[in-house]
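The values are calculated or read from the model by the stated rules, or taken from the named source; none is laboratory data. All values derive from a computational prediction rather than experimental measurement. Using ideal geometry, Cβ is built from the backbone for each residue, glycine included, and neighbour counts are taken over all protein chains shown. The area values use the complete protein model at the heavy-atom level, side chains included, leaving out ligands, DNA and RNA. Shrake-Rupley method; radii C 1.70, N 1.55, O 1.52, S 1.80 Å.
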Amino acid sequence: AHLEVPQVRRWWPAGLGEQAQYALTVAHQDGRPAWRGRIGFRTVELDTTPDRAGTAFRLSVNGTPLFVRGFNWIPDDCFPSRVDAGRYRRRLTQAREANANLIRVWGGGIYESDEFYRICDELGLLVWQDFPFACAAYAEEEPLWSEVANEARQAVTRLSPHPSLALYCGGNETIWGHQDWGWKEILGQRSWGLGYYTRLLPGIVRELDPTRPYLPSSPYSFRAGVHPNDPAHGATHIWDVWNRRDYTGYRSYRPRFVAEFGFQGPPAWSTLTRAIGPEERDIGSAAVLAHQKAADGMRKLADGLRPHLPAPRTFDDWHWAMSLNQARAISLGVEHFRSLAPECAGAIVWQLNDCWPVISWSAVDGDGRRKPMWYALRRCFAPRLLTIQPRDDGLSLLAVNDDTGEWRDTVRVSHRRLDGGVIAVVEHPIAVRPGLVQQVRLPFEPVEPARELLLAESGQRQAWWYFAEDVDADYPVPDIAAEVTAVPDGYRVAVTARSFVRDLALLADRAAADAEVDDMLVTLLPGQTAVFSVRTAAPLDAAVLTAPPVLRSANDLHGAGVPRR
């Protein structure tokens, strides 16, 4: 049936417009209802045009290209029946509040329930839907071929009304796996799934849902003779960073689209200690190791920390340092990829969520608590971003505009000492059209790298650059004054710095298991104040909220903790 609807309001992804939907009833000729639901009107295209840099991978909605700021999604519980509509809404709202505009339903998971997709429709979260194939070879002979066909037809029919559904993908790391992971020698001439990804599944999508793009697998290069995970072509996964390389290795890439990249950190303290008793809280204990499923994961965590932060002395320090390092690793990757727009058109972080209290790559842990990484992503996923990046000719300021209007402002960049003293200041006007990036070469060179930094400011937006890693920096012992005020739903905590304080965090769940804080990882120059809102039903002592292990900073990993006044 073909129905023309005049003057519709279009459905837009979050940040680009409203999520307009309409009620639709399909009935038999005798009046019996056949289907009833809500739909949205919008177009979606995937541009994979070859160009001078390789092969594009750019989504457009309603004719508007967008930079994808996304999360990979895994099943939120080992028992899917425990994930109800409320839990879906909490988790997907956490993605939306982190300024994401897309969720990728990973092929190693499941087709989620109708509620998942309805909530994505409401929140403006685009959905990249993998068919459920991941990291393995699959026989194509009967009866499996017909089973796959029937399941795919049912899934596509069920999901097709949702305006949030933007893209189908044949599976996760299946074609890449066949190329690089030794399957060819084991399988010989046997089938391994290519027929599903290149014939069966795209044929079903063309028949039942032809308005949506399809790609055979992720990663995928779209070019015969080109490696499926070539960063210059199509969608890529970056896993040498974390597995073998330091996170600064993200800067060696100029990808067209990053569909997976991640770095590990522990869950929130209350989540971890719900599963691990006091006598087992040691990084070498059997209980901690049981909650680390990455191959050689504890060594990779230690290797990833060593170039950046001082070695932890206690389990408390280990938990904070690893949480902070995860946040910094992912921030560095996201800011670098966004600085390459529009050549790079997306960054989908591995991963949003967890299904148990595990040390992992997630931004939200298995109990639904937001990790420091979530707060860092909210900042670097913001539609308008300032970032300072190394380029071949030195440092550059980049203004990234994913908003709907032109960004005009004057950015103030100051070269400072850690004691707050100003060495030099420059101001640069910016005028950045939607979807573009403006680059400004910065003239600063440090005299004492361990004691100097750069700060770029545009309104409330900031970008920091440090000339030395924390392990080499001459950070002062953090000197702060804190004031705690009881408010109806918890506490207001005002922290004033009397010294430079980097990445100040109020780890609220360490004070009370139900406590949540509104912001984290705030850097203060001497004389500046940060105000944190802590929501909790528990009565708390002010002294608990203003001292370690609740109030932490990067500085106190050097030794002395946070003096309070």
Just name one of Gly188, Val105, Ser81: the one whose Cα is farthest towards the positive end of the charge dipole of the chain (beta-carbon charges, Lys/Arg +1, Asp/Glu -1).
Val105
Per DSSP H run of n ≥ 4, the term is -39500 (n - 2.57); total these for the chain, divide by its residue number, and report the mean residue ellipticity at 222 nm rounded to 500 deg cm²/dmol.
-6000 deg cm²/dmol
Once fully extended, how much extra length lies between Ala53 and Leu208, figured as 0.36 nm per residue of separation less the alpha-carbon to alpha-carbon distance?
52.4 nm
Fraction of antiparallel bridges per DSSP, region 161-317 only, in percent to nearest 5
10 percent
Normalised by the number of residues in region 62-174, what is the relative contact order in percent for Cα pairs under 8 Å and 6+ residues apart?
29 percent
Among Ala302, Gln19, His178 - extreme Cα towards positive end, dipole of the chain, charges at beta-carbon:
Gln19
Taking a ≥ b ≥ c as the square roots of the Cα gyration tensor eigenvalues, with a/c under 1.5 meaning rounded and otherwise prolate when a/b beats b/c or oblate if not, region 164-210 comes out oblate
Just the number please: accessible area per residue for region 409-504, 1.4 Å probe, all protein chains included, in Å².
48 Å²
Which is farthest toward the positive dipole end of the chain among Ala268, Tyr475, Val44, measuring Cα position about the Cα centre, with Cβ charges +1 (Lys, Arg) and -1 (Asp, Glu)?
Val44
Region 458-565, relative contact order in percent, only Cα pairs under 8 angstrom and at least six apart counted
31 percent
Mind checking the alpha-carbon convex hull of region 346-389 and giving the volume per residue in Å³?
91 Å³
Largest first, please: the extent of the C-alpha atoms of region 31-98 along each principal axis, to the nearest Å.
49, 42, 22
Alpha-carbon centroid distance for the pair region 100-125 / region 471-548, whole angstrom
34 Å
Let me check something: with ligands and nucleic acids excluded, how do Thr404, Thr64 order by accessible area (1.4 Å probe), largest to smallest?
Thr404, Thr64
Dipole size in debye (nearest 20) for region 266-367 around its Cα centre, Lys and Arg Cβ +1, Asp and Glu Cβ -1?
180 debye
With a 1.4 Å probe and all protein chains in place, put Glu445, Glu141, Glu112, Glu280 in order of accessible area, largest first.
Glu445, Glu141, Glu280, Glu112
Give the Cα extents of the chain along the principal axes, in whole Å, largest first.
76, 56, 55
Decide, for region 1-159, between rounded, prolate and oblate: order the square roots of the alpha carbon gyration tensor eigenvalues as a ≥ b ≥ c, take rounded if a/c falls under 1.5, and otherwise choose prolate if a/b is larger than b/c, else oblate.
rounded
Could you work out the relative contact order of the chain? I mean the mean sequence separation of Cα pairs under 8 Å and 6+ apart, divided by the number of residues, in percent.
11 percent
Please give the net charge around Trp12, taking every other residue with its beta carbon less than 9 angstrom from that of Trp12, where Lys and Arg add +1 and Asp and Glu add -1.
+1
Antiparallel bridge percentage (DSSP; both residues within the chain; nearest 5)
75 percent
Scattering curve values for region 418-560, log₁₀ I(q)/I(0), Debye with Cα scatterers, q = 0.09, 0.13, 0.20 Å⁻¹:
-0.35, -0.68, -1.16
Obtain the nm distance between the two label points defined at Ala290 and Glu18 by a simple spin-label model: each point lies 7 Å from its Cα along the Cα-to-C-beta direction.
5.3 nm
Looks like region 295-366, by Cα gyration tensor root eigenvalues a ≥ b ≥ c and the a/c under 1.5 rounded cutoff (else prolate when a/b is bigger than b/c, oblate otherwise), is oblate
